[in-house]
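**Student:** Below is the structure I would like to discuss, written out as structure tokens.
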Amino acid sequence: MKLKGAEIIIEALKKEDVEVVFGYPGSAVIPIFHYIFDAPFKFILPRHEQGAVHAADGYARASGKPGVVIATSGPGATNLVTGIATANMDSIPLVIITGQVARAMIGNDAFQEVDVSGVTRPISKHNYLVQNISDLAKTIKEAFHIATTGRPGPVVVDIPVDITNESYEFDYPETVNLRGYKPTYSGHPNQIKKACDIIAKSKRPVVYAGGGVVLANAAAELAEFAKKTNIPITTTLLGIGAFPETEKLSLKMLGMYGTYYANQAIDKADLIIAVGARFDDRVTGKIDSFSSLSKVIHIDIDPSSVSKNIEAEIPIVGNCKNILGEINKIVKAPEISEWLNKLMDLKEKYPFTYKDSDTLIKPQFVVESIYRLTKGDAIICTEVGQNQLWAAQFYEFTKPRTFITSGGFGTMGYGFPAAIGAQLARPDKRVIDIAGDGSIQMNIQELIVASEHKLPVIIAILNNGFLGMVRQWQQMFWEKRYSHTDIGFAPDFVKLADAYHAVGIKITEKKEVEPAITKALSITDRPIILDFHVAREENVFPFVPAGKTVDDTIMGEEE
Amino acid sequence: MTRHVISVQVENKAGVLSRVAGLFSARGYNIDSLTVSHTCQEDISVMTIVVQGDEHITEQVKKQLNKLIDVIKVSDHTNARAIEREFMLVRVSAKPAQRPEIAAIGDVFKASTAEISQKSVTLSVKAEPDKIDDLIELLRPYGIKELMRTGRISMLREGESGTN
């Protein structure tokens, strides 16, 4: 049967079992929206396209399924750009459909025209400009395939409006054949054997696990590996949740704001087993001094990540779930009790810590209180900056897909729309966005979406009246000149919540912190803003300044 | 910095050239030469890219090229035996009396005379890129008025393999 191009898009989404679509109408996508009107999937209308793409990203991270976005041409598409780049840096599967002006108008500076494939080329895994309706179904099939396989990522499909109005036989292909795209899934057996040999002989090994473990659903295999080998595990910011932070062998997060003991472990190690991680500069600090005594086993699905920043002695390209599974079959535990004892001493001596106050609300205390009152069972989203790192440091994560944050791109304004997406993916969980007063104002318009859909997302604003992370750097390295980081002139978040049909609670005293969180957790039919007025000039520690080494770690404020 | 000759088989589709070129330009690399053409299979094109770069970064670029969905095969000819050819048009200032000298130089390189005017001689030559460099040096004293090269194409010799 012949279908309109717009209907073909809807039918293709149905074939892909899409349950939620995030999108915003506009003239180039009116035909598609005509058929979305009675489509069987849930449709979420953000109030800005950036909200749609971050929500789809949060949905994808929480569910493991691809997020789907539809936006119009021109400004609709360019409003997605930050969100596409965010997903691309963190390898999040998204399929993004944008309307384009009619084929005859392309290149004419038509109304709401932009070269979407040109704009998104360096920030997407792949993109398409559909030029013929006969390619439409096949292209959408390929887009889902590319987005969700190999190293996942966002794929953009730009569709001229006249194609959505044409008719063509709908034939959704069962399989995809792309001769230039054949991701490797199983690791090379010789490499796996070599890795196991070197592991068995190691004296000071450490696992460095990244977002790839979460994406590949390999947490069980990682736990099994830890059990078999007794090797301690540190995770990246995106790897948080890949290994329970409550476990003895967990060294928690490493890197610029990571634990002293994780960074010491990496620094002194004779073997790093990198799994689904890419030696980002926020992890390595000064690259020449990074872990100078160690050999590296690097397990990653993306060959271009291997030996990019740090040379790997044993690269193993493939899916880390498969590879860890194979390693677990043959690996022998090394004799490392001395090393472990040393690390456990450090772990006991240098936990994440802060100086609490009787009078002021410390932001870390707020995060700890949220952890306590949610019993560690919430999905935590974050914005970017101090809020993000305090959330990473003071909430203990035990399961993958429960910590949702913009790691690679560091997108302020990500957390709240992502929380909306996460709540749609996991209605059974409490979803909390730990926010700063700066970041939350970047996508606050999405509050009406949470209210409209009765999503009980809690926004916990660690309100210090500053763009806190930049202020911290200004304090420490730029003569305390707080150039344009004081945002103390702020909206009344309680009134703002009220205006958006949400609940707002302002908390100015320490004793109000727990009752406010408890109250928020009792509300299940609308979003809640908790406006915590926290200590203004609190800093994130420990801190390895950019381009420095572990030896330069700043442990805390000088007395 | 060494000169790399990279041969890339790609899908013959719109947008592929900008994806490939983007990998170089995003790193601030200037491409020395780049040629694109059809192959014996009409849905496959081949690009020969000549670029200066240090080993580590070129290695990265090759991996990134392989990562592109539309790239079918990447082969580095830098350290392999390959047949390389390039075509050049060059216009040299020449008074009528100098024409025989210039033609004689051209003969050595099997160049042919494409145009003769009162003020100049234009030669066309197809040769190995190094030979073309040599010819340019020999013609330079006469005064080169205009010069264009197609950029090299490179085909591995029978039985030879490039590196990935």
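The values are calculated or read from the model by the stated rules, or taken from the named source; none is laboratory data. Source: prediction; values computed, not measured. Note: ideal-geometry Cβ built from the backbone for every residue, glycine included; neighbour counts use all protein chains shown.
**Student:** Test each condition in (1) of a type outside the set (F, W, Y); (2) closer than 20 Å to A:S117 by Cα; (3) surrounded by 21 or more Cβ atoms within 10 Å (Cβ to Cβ) for B:V46 and report the one that comes out false.
**Tutor:** (2)
**Student:** Just to confirm my filter: which strands (runs of 3 or more DSSP E) fall fully inside segment A:2-64 and include at least 1 residues that are among the β-branched types (V, I, T) and assigned by TED's automatic domain parsing to the domain that holds A:M89?
**Tutor:** A:20-23, A:42-44
Each row is one residue, and each column tells you yes or no for (1) at pLDDT 95 or above; (2) closer than 18 Å to A:L238 by Cα; (3) hydroxyl-bearing (S, T, Y).
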site	(1), (2), (3)
A:V275	yes, yes, no
A:F279	no, yes, no
A:R282	no, yes, no
A:K286	no, no, no
A:F290	no, no, no
A:L293	no, no, no
A:I297	yes, no, no
A:I301	yes, yes, no
A:K308	no, no, no
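**Student:** In segment A:311-323, what residues are on the phi < 0 side of the Ramachandran plot and away from chain B (no Cβ under 14 Å)?
**Tutor:** A:E313, A:I314, A:I316, A:N319, A:C320, A:K321, A:N322, A:I323
So that you can scan it fast, the table gives a plain yes or no per residue for (1) under 27 Å from the mean Cα position of the chain (by Cα); (2) of a type outside the set (A, V, I, L, M); (3) within 16 Å of A:G413 (Cβ to Cβ):
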{"residue": "A:Y35", "(1), (2), (3)": "no, yes, no"}
{"residue": "A:A39", "(1), (2), (3)": "no, no, no"}
{"residue": "A:V81", "(1), (2), (3)": "yes, no, yes"}
{"residue": "A:F111", "(1), (2), (3)": "no, yes, no"}
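**Student:** Can you tell me which residues in segment A:82-108 are out of contact with any Phe, Trp or Tyr (no Cβ under 9 Å at 6 or more places or on another chain), assigned to a helix (DSSP H, G or I) and within 14 Å of chain B (Cβ to nearest Cβ)?
**Tutor:** Result: A:R103, single match.
**Student:** Next question, about the same structure. Please enumerate the residues belonging to segment A:209-267 that are under 23 Å from the mean Cα position of the chain (by Cα), charged (D, E, K, R) and over 20 Å from A:Y371 (Cβ atoms).
**Tutor:** Listed by number, the list holds a single entry, A:E221.
**Student:** Still on this structure, I have one more. Pull up segment A:182-192, narrow it to residues that are part of a helix (DSSP H, G or I) and surrounded by 14 or more Cβ atoms within 10 Å (Cβ to Cβ), then point me to the one that is nearest to the other protein chains (Cβ to nearest Cβ). Steps first, please.
**Tutor:** From segment A:182-192, those part of a helix (DSSP H, G or I) are A:189-192; that's our starting set.
Adding the requirement that they be surrounded by 14 or more Cβ atoms within 10 Å (Cβ to Cβ) leaves A:191-192.
Numbers: A:Q191: 16, A:I192: 21 Å.
That would be A:Q191.
**Student:** Please note which helices (runs of 4 or more DSSP H) are completely contained in segment A:318-397 and include at least 3 residues that are in contact (Cβ under 8 Å) with a residue 24 or more places away in the chain, buried (at least 24 other Cβ atoms within 10 Å of the Cβ) and among the polar types (S, T, N, Q).
**Tutor:** Hits in segment A:318-397: A:386-394.
**Student:** Answer yes if at least one residue in segment A:208-216 is β-branched (V, I, T) and assigned to a loop (DSSP other than H, G, I, E, B), and no otherwise. Full working, then the answer.
**Tutor:** Looking only at segment A:208-216, we keep the residues that are β-branched (V, I, T), and these are A:213-214.
Add one more test, that the residue is assigned to a loop (DSSP other than H, G, I, E, B), and what stays is none.
There is no residue in segment A:208-216 that is β-branched (V, I, T) and assigned to a loop (DSSP other than H, G, I, E, B).
**Student:** If you don't mind, there's one more thing I want to ask. On the basis of being on the phi < 0 side of the Ramachandran plot, touching a residue at least 12 places away in the same chain (Cβ under 8 Å), surrounded by fewer than 20 Cβ atoms within 10 Å (Cβ to Cβ) and not polar (S, T, N, Q), does A:M476 make the cut?
**Tutor:** yes
**Student:** What number of residues within segment B:30-81 are among the β-branched types (V, I, T) and within 14 Å of chain A (Cβ to nearest Cβ)?
**Tutor:** First, pick out the residues of segment B:30-81 that are among the β-branched types (V, I, T): B:31, B:35-36, B:39, B:44, B:46, B:48-51, B:57-58, B:61, B:69, B:71-72, B:74, B:78.
Subsequent filtering for residues that are within 14 Å of chain A (Cβ to nearest Cβ) retains B:39, B:44, B:46, B:57-58, B:61, B:69, B:71-72, B:74.
Count: 10.
**Student:** Which ones in segment B:111-135 are part of a strand (DSSP E or B) and surrounded by 15 or more Cβ atoms within 10 Å (Cβ to Cβ)? Outline the logic, then answer.
**Tutor:** First pass over segment B:111-135, keeping only residues part of a strand (DSSP E or B): B:112-116, B:120-127.
Listed by number, the residues that qualify are B:S120, B:V121, B:T122, B:L123, B:V125, B:K126, B:A127.
**Student:** Would you mention how many residues in segment B:19-29 are loosely packed, with under 15 Cβ neighbours inside 10 Å and either among the aromatic types (F, W, Y) or at the interface with chain A (Cβ under 10 Å from one of its Cβ atoms) (or both)?
**Tutor:** Total meeting the criteria: 2.
**Student:** Please pick out the residue among A:K519, A:K506, A:K495 that is under 25 Å from A:D358 (Cβ atoms), basic (K, R), modelled with pLDDT of 95 or more and surrounded by fewer than 17 Cβ atoms within 10 Å (Cβ to Cβ).
**Tutor:** Going through A:K519, A:K506, A:K495 in turn, just one is under 25 Å from A:D358 (Cβ atoms), basic (K, R), modelled with pLDDT of 95 or more and surrounded by fewer than 17 Cβ atoms within 10 Å (Cβ to Cβ): A:K519.
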